[in-house]
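Throughout, read-outs are computed from the coordinates displayed, never taken from laboratory work. Source: prediction; values computed, not measured. Positions of Cβ are backbone-derived with ideal geometry, glycine not excepted, and every protein chain shown enters the neighbour counts.
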Amino acid sequence: MKIGVFDSGYGGLTILRSIRKVLPQYDYIYLGDNARAPYGTHSFEVIYRYTLQAVRFLFDQGCTLVILACNTASAKALRTIQQCDLPAINHQLQISNNQSPRVNVLGVIRPTVEAVPSITQTGHVGILATPATVSSESYVLELAKISDTLKVSQQACPLWVPLIEAGEHESQGADFFVNKYLQSLLEQDPEIDTLVLGCTHYPLLLPKIGQWLKDHSDIRVIAQGSLVADSLADYLKRHPEYQQQLTRNGTCSYLTTENAERFSESASLFLDTPVQAQQICLN
Ligand code: DGL
């Protein structure tokens, strides 16, 4: 069985790359719902419905674990899927296969949040995320659970994902929106010394973010890839019942709900390796 990695589009590739670096032996399926991206401006109900469709699809393709490599889906859909849908899905699998437990879904917010207290010196933390992630307050609530001294400010960046999905993240035009959201966050709290890229697409803007931050050498930027990868490795150690089901041929297949050729081209650039994607339909 395989590990599924799901995102609304290209962003989850930043997580997949880190996971495969740490756990190259397993077989993976990447699914990008590019046809319906961005998720970050949709309502809870829509994000939950789309995410559940993707998760069910990946289980049907033989995944035992699905990583929601998307903060928006993790913020809006993960808990409901874990609490309301997984028990029924696992019950059904148990009836048909006589195995238990068989499938699970993991998110990206918890592993990210756990890294923050050891990184910030001032205790002032900035979250950059999609409008849906910001309005869910997931980062604020999760950080409050592990530390009551942090001051957390959030900035929604509604145009960053569309720029990346359109392949415009390296263009001059992108500078305007990178500057706009970073400036607005630092105006909220000039003492921020730790910036969390709370959207898996955002590492693709790191060259521009780094350029903007060159006058703020005290600010550390947290990208999620290695945090999620280490957390998955730890999870598999603690849960041999999943690890034992995983096949080990080191493969990865790529699925998209949009045009396969376009996805293959962009994903090959992002991952710096040839990608041959296949188009699928979610419903
Ligand atoms: N990569 C997704 C995330 O981490 C982007 C969501 C979107 O499609 O807006 O939030």
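Consider segment 45-77. How many of its residues are aromatic (Phe, Trp, Tyr), touching a residue at least 60 places away in the same chain (Cβ under 8 Å) and under 21 Å from Val134 (Cβ atoms)? Working first, answer last.
We begin by selecting, within segment 45-77, every residue aromatic (Phe, Trp, Tyr); these are 48, 50, 57, 59.
If we keep only those that are touching a residue at least 60 places away in the same chain (Cβ under 8 Å) too, we end up with 50, 57.
From the residues that got through so far, the ones that are under 21 Å from Val134 (Cβ atoms) too are 50.
Summing the residues that are aromatic (Phe, Trp, Tyr), touching a residue at least 60 places away in the same chain (Cβ under 8 Å) and under 21 Å from Val134 (Cβ atoms) in segment 45-77 gives 1.
Would a scan of segment 231-251 turn up a residue that is among the β-branched types (Val, Ile, Thr), in a helix (DSSP H, G or I) and surrounded by 13 or more Cβ atoms within 10 Å (Cβ to Cβ)?
So far as segment 231-251 goes, no, none of its residues is among the β-branched types (Val, Ile, Thr), in a helix (DSSP H, G or I) and surrounded by 13 or more Cβ atoms within 10 Å (Cβ to Cβ).
Take segment 190-208 and flag every residue that is outside any helix (DSSP H, G or I), away from the ligand (no atom under 16 Å from the Cβ) and not hydroxyl-bearing (Ser, Thr, Tyr).
Of everything in segment 190-208, those that are outside any helix (DSSP H, G or I), away from the ligand (no atom under 16 Å from the Cβ) and not hydroxyl-bearing (Ser, Thr, Tyr) turn out to be Pro190, Glu191, Ile192, Asp193.
May I ask you to list the residues in segment 252-283 that are assigned to a helix (DSSP H, G or I) and under 24 Å from Leu106 (Cα atoms)? Lay out the reasoning, then the answer.
Looking only at segment 252-283, we keep the residues that are assigned to a helix (DSSP H, G or I), and these are 260-271.
Residues satisfying the conditions are Ala267, Phe270, Leu271.
Within segment 204-229, how many residues are closer than 15 Å to Leu65 by Cα and surrounded by fewer than 16 Cβ atoms within 10 Å (Cβ to Cβ)?
0
Among the residues of segment 212-223, write down those that are among the polar types (S, T, N, Q) and touching a Gly at 6+ places or on another chain (Cβ under 8 Å).
Result: no residue meets the conditions.
I'd like to check something: does segment 137-153 contain any residue that is within 14 Å of the ligand (Cβ to nearest atom) and buried (at least 21 other Cβ atoms within 10 Å of the Cβ)?
yes
Does segment 92-103 contain at least one residue that is more than 10 Å from the ligand (Cβ to nearest atom) and buried (at least 24 other Cβ atoms within 10 Å of the Cβ)?
No, there is no match, as no residue in segment 92-103 is more than 10 Å from the ligand (Cβ to nearest atom) and buried (at least 24 other Cβ atoms within 10 Å of the Cβ).
So, of the residues in segment 3-50 that are of a type in the set (D, E, K, R) and within 24 Å of Leu86 (Cα to Cα), which turns out to be surrounded by the fewest Cβ atoms within 10 Å (Cβ to Cβ)?
Looking at residues that are of a type in the set (D, E, K, R) and within 24 Å of Leu86 (Cα to Cα), I get Glu45.
Restricting attention to segment 42-61, which residues are within 15 Å of the ligand (Cβ to nearest atom) and not in a helix (DSSP H, G or I)?
Answer for segment 42-61, where residues must be within 15 Å of the ligand (Cβ to nearest atom) and not in a helix (DSSP H, G or I): His42, Ser43.
For a quick check of your reading: which helices (runs of 4 or more DSSP H) sit entirely within segment 94-168 and have at least 1 residues that are in contact with a His (Cβ under 8 Å, 6 or more places away or on another chain)? First the steps, then the outcome.
Details: elements: 109-115, 131-136, 138-146, 160-165.
Output list reads 131-136, 160-165.
Give Thr80, Thr72, Thr64 a once-over and let me know the one that is within 16 Å of the ligand (Cβ to nearest atom) and of a type outside the set (D, E, K, R).
Only one candidate passes the filter, namely Thr72.
Looking at Tyr26, Tyr30, can you tell me which residue is among the aromatic types (Phe, Trp, Tyr) and more than 15 Å from the ligand (Cβ to nearest atom)? I'd like the intermediate steps shown before the answer.
Working: Tyr30 fails: more than 15 Å from the ligand (Cβ to nearest atom).
Residue meeting the stated conditions: Tyr26.
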